[in-house]
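Inspection log for the structure reproduced underneath, given as structure tokens.
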Amino acid sequence: MRARGGGRALGLFAAATYLFLYAPILVLVTFSFNRGRLTAEWEGFTFAWYLKLLDNVQVLTSLRNSLIVAFAATAVCTVLGTAAALALHRHRFRRQGAVEGLVTLPIVVPEIVLASSLVLLFAAAGLRLGFATVILAHVGFSVSYAVVVVRARLAGFDKSLEEAAMDLGAGPWRTFFQVTLPGIAPGVLAAALLVFALSIDDYVITSFVAGVGSTTLPVQIYSMVRSGITPEINAVSTLILVATSLLLMAAYFLEQGRSTRQAAAPAALGLLILGAPFLLGRTAASGEKVLNLYIWSNYIAPETVQKFEKRYGVRVNVDLYDTNEALLAKVQTGNAAYDVLCPSNYPIQILLHQNLLRPLDHSALPHLTNVDPRLLDRDYDPGNRYSVPYFWGTCGIGYRKSKAGRVDSWAALWEPRFKGRVLMLDDARETFGTALKWKGHSVNTTDPALLSAAQALLIQQKPLVKVYDSANFHDVLLSGDVWVAQGWNGQFAKVMDHDPDIEYVVPREGSSLFIDSLVIPASAPHPELAHKFIDFTLEPEIAAEICRTMRYSTPNQAAMPLLPPEIRNNPAIFPPDEVLARLELIEDIGDATVLYDRLWTEVKTQ
Ligand code: N2P
């Protein structure tokens with residue numbers, strides 16, 4: 001009786017453990033069938049996201065890229081790893097300990113260290129970031145695992161079998177293929193599976209060494225997540241889960257010594273699912289014309305991109321960033337092959353000083369005349385030789401009226417009653433800009449004393465801050481997790497539509513203004529197509545669509561009459577003159593940038 005009771009308790013404990021392990025996956029699989037777009041609520045069953053996936057060229061292409069990389073890395077690592085394991089197992093040589101240590105070292109080196117050193121190495125070797133660099137990197141970080149796994153199997157391998165084969169006259173190759181390899185096959189297979197899994201799943205290193213066009217699935221998913229987790233992502237993840245489980249099942253059958261035929265069915269099904277992007281042919285064809293666009297998240301809708309693709313019969317790679325600093329870092333390495341970027345005004349000055357921009361051919365931009373003249377010919381780019389305004393806007397506070405009451409000062413972001421309910425942008429210039437403005441100073445201050453006072457304010461504010469986030473600050477406000485959020489107007493204007501309890505204000509002390517423009521980097525591989533894209537965004541209907549879907553302020557005068565009145569007259573999107581008078585453009589502050597960066601890093605790490 002007692003034993004049975006104990007058994008039941010153990011069973012329950014085991015079940016609870018498994019539930020804990022698998023609950024997240026179950027939720028993901030379930031929500032991949034959810035009709036609603038907002039992930040948190042169940043709104044009925046649908047297959048729609050799976051069908052939609054079949055049309056998502058970006059996801060399918062990145063899945064294809066992931067598979068190419070994973071298969072290549074697996075093939076190379078399995079051969080190299082097995083060879084190395086055999087050598088280390090069979091021979092005793094000087095400094096063996098050191099050599100073995102070096103072989104396994106990459107397993108313990110932090111990924112981020114490996115990632116940055118690989119980027120440096122590739123840049124020094126003059127290799128352009130792309131497939132080759134991703135595959136090299138994946139081989140680099142996973143070959144050690146292959147060695148370790150095969151060696152473990154070799155440890156239990158009876159050497160006398162090889163000796164017997166040799167005694168019977170088999171040469172070294174024959175011995176290897178007919179005796180050694182079959183003996184260690186499970187180890188080799190396990191090594192291959194492990195390398196495949198490591199490769200298909202890698203984000204950190206790949207995000208450093210992938211160029212445009214070699215984006216893998218994890219990198220693609222991460223970039224999609226920045227505009228919110230969609231059921232489409234759940235659907236891809238579910239498919240990958242099913243496919244890898246099937247492949248594992250096949251490997252398990254083989255290891256158990258079941259017939260190859262039994263293993264064939266799950267293996268075939270798994271490969272079929274993974275091979276779908278190849279079979280459907282919906283991925284980018286290799287000869288196809290491509291435009292590589294690097295733009296802020298929440299700045300262009302997929303349907304707008306698709307219109308351009310359709311019209312010109314091209315494909316657009318869209319990569320996203322959330323700060324000007326991230327953009328600068330990527331472009332300044334010089335080996336990222338983008339065609340169009342969307343920096344704010346001050347990074348344009350920086351890129352110009354470094355000769356990293358290409359002069360525009362105005363004759364290829366007939367719609368430039370649609371831009372509001374007040375946003376043209378500014379100090380940062382006289383005559384708009386290099387840049388065309390795309391969006392402009394303000395930094396302010398988005399807040400929940402029912403929780404915060406009326407907000408009209410930056411002081412709200414420092415109020416103790418909002419402890420844990422404050423969001424700040426993860427952006428040095430904007431956070432310091434806010435602290436400076438609040439105390440009556442310019443957002444372009446370089447005075448070290450004023451800056452360290454601003455830093456003190458930001459440090460003092462830290463216990464109140466729930467999160468520093470420049471990507472989804474609007475979602476976090478919408479979900480109710482924060483009540484007062486520093487952020488940019490467009491994304492707040494978007495969520496105000498979904499929830500009347502949300503309001504946006506440019507505080508009375510004044511704030512920053514940004515003008516974000518499209519530019520073509522000097523190294524752009526497709527400058528002609530880049531001009532076509534820029535001119536496309538200047539067409540009145542397209543500019544109106546971009547404004548309607550993203551809610552930042554369009555600089556396009558011809559688009560204004562095409563906008564519905566609730567957008568055209570929304571003061572959060574198009575601020576009235578008295579607000580405009582309180583705004584200041586963030587400018588390049590030259591050497592003081594380093595100071596801002598250091599002070600901001602200190603705020604975040606203290
Ligand atoms: C878009 C952020 C607005 C850009 N996600 C601010 N320059």
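The values are calculated or read from the model by the stated rules, or taken from the named source; none is laboratory data. Since we're looking at a predicted model, the values are computed, not measured. Methodologically, a virtual Cβ is constructed for each residue, glycine included, from the backbone with ideal geometry; neighbour enumeration extends over all protein chains shown. What goes into the accessible areas is simple: the full protein's heavy atoms, side chains included, and nothing from ligands, DNA or RNA. Shrake-Rupley method; radii C 1.70, N 1.55, O 1.52, S 1.80 Å.
Across segment 29-150, C-alpha contacts under 8 Å between residues 6 or more apart give a mean separation that, scaled by the residue count, equals a relative contact order of 30 percent.
Taking the C-alpha atoms only, the angle from helix 131-155 to the longest principal axis of the chain is near 30 degrees. Note on segment 373-480: semi-axes of the ellipsoid equivalent to its C-alpha gyration tensor, largest first and rounded to whole Å, are 29, 19, 12. Each Lys and Arg adds +1 at its Cβ and each Asp and Glu adds -1 at its Cβ; summed about the Cα centre, segment 457-606 shows a dipole of about 260 debye. Think of segment 505-589 as a dipole: +1 on every Lys or Arg Cβ, -1 on every Asp or Glu Cβ, centred on the Cα centre; then among THR554, VAL579, PRO564, PRO564 lies furthest on the positive end. The angle separating the long axis of helix 96-108 from the principal Cα axis of greatest extent in the chain is about 40 degrees.
Projected over every direction and averaged, the convex hull enclosing the alpha-carbon atoms of segment 58-170 yields 10.2 nm². Taking other residues whose beta carbon is less than 15 angstrom from the beta carbon of GLY211, and scoring Lys, Arg as +1 and Asp, Glu as -1, yields 0. Against the main long axis of the alpha-carbon atoms of the chain, helix 181-201 sits at an angle near 0°. Packing order of peptides 575-586, 290-301, highest average first: 290-301, 575-586 (average count of other Cβ atoms within 10 Å over each peptide's residues). Normalised by the number of residues in segment 292-428, the average gap of Cα pairs under 8 Å and 6 or more apart makes the relative contact order 20 percent. Just the protein heavy atoms count here, and of the accessible area of segment 365-412 at 1.4 Å, carbon and sulfur take up 49 percent. Just to check, using Stokes-Einstein with a Kirkwood Rh over alpha carbon pairs, what's the diffusion coefficient of the chain at 25 °C and 0.890 mPa s in µm²/s? Stokes-Einstein gives a translational diffusion coefficient of 89 µm²/s.
Ignoring ligands, DNA and RNA, what percent of the 1.4 Å accessible area of segment 139-246 is carbon and sulfur? So the carbon and sulfur contribution to the accessible surface is 68 percent. The accessible surface of segment 474-606, taken with every protein chain in place and a 1.4 Å probe, is 53 percent carbon and sulfur. Between GLN557 and LEU51, the simple label model (points 7 Å from Cα in the Cβ direction) yields a spacing of 4.6 nm. Protein heavy-atom accessible surface, 1.4 Å probe, per residue over the chain: 47 Å². Taking 0.36 nm per residue of separation and subtracting the Cα-Cα distance, full extension of the segment from ASP597 to LEU269 would add 113.0 nm. Summarised as an ellipsoid, segment 137-221 has semi-axes of 37, 12, 9 Å, derived from the eigenvalues of the Cα gyration tensor scaled by 5 and square-rooted, with the largest first. Please give the FRET efficiency for ALA75 paired with TRP42, using the beta carbon to beta carbon distance and R0 = 30 Å, rounded to the nearest 0.05. Step by step, r from the Cβ atoms, then E = 0.10. Using every pair of separate Cα atoms, the Kirkwood estimate puts the hydrodynamic radius of segment 460-536 at 15.6 angstrom.
Taking the alpha-carbon centroid of each part, what is the distance from segment 473-544 to segment 389-444 in angstrom? Segment 473-544 and segment 389-444 have Cα centres spaced 16 Å from each other. Multiplying the residue separation of LEU127 and GLU541 by 0.36 nm and removing their Cα-Cα distance gives an extension gain of 144.9 nm. Taking the Cα centre of segment 89-173 as origin, work out the dipole magnitude from +1 charges on Lys and Arg Cβ and -1 charges on Asp and Glu Cβ, in debye rounded to 20. In total the dipole reaches around 240 debye. Answer with one residue from ALA411, LEU121, VAL29: the one whose Cα lies farthest towards the positive end of the charge dipole of the chain, charges on Cβ with Lys, Arg +1 and Asp, Glu -1. Of the candidates, VAL29 comes out farthest on the positive side. Share of antiparallel DSSP beta bridges in the chain, in percent to the nearest 5? Antiparallel bridges: around 55 percent, rounded to the nearest 5. Here segment 457-509 is treated with +1 on each Lys and Arg Cβ and -1 on each Asp and Glu Cβ, and its dipole about the Cα centre works out to around 260 debye.
Return the calculated 222 nm mean residue ellipticity for the chain, to the nearest 500 deg cm²/dmol, obtained by summing -39500 (n - 2.57) across DSSP H runs with n ≥ 4 and dividing by the residue count. Calculated from helices alone, the mean residue ellipticity at 222 nm is -17500 deg cm²/dmol.
Calculated FRET efficiency, ASP167 to HIS89, Cβ-Cβ distance, R0 = 22 Å: about 0.65 to the nearest 0.05.
Using a simple spin-label model with pseudo-atoms 7 Å out from Cα toward Cβ, ALA581 and THR17 lie 7.0 nm apart. Taking packing as the residue-averaged number of other Cβ atoms within 10 angstrom, the listed peptides 164-171, 408-415, 61-68 run from highest to lowest as 61-68, 408-415, 164-171.
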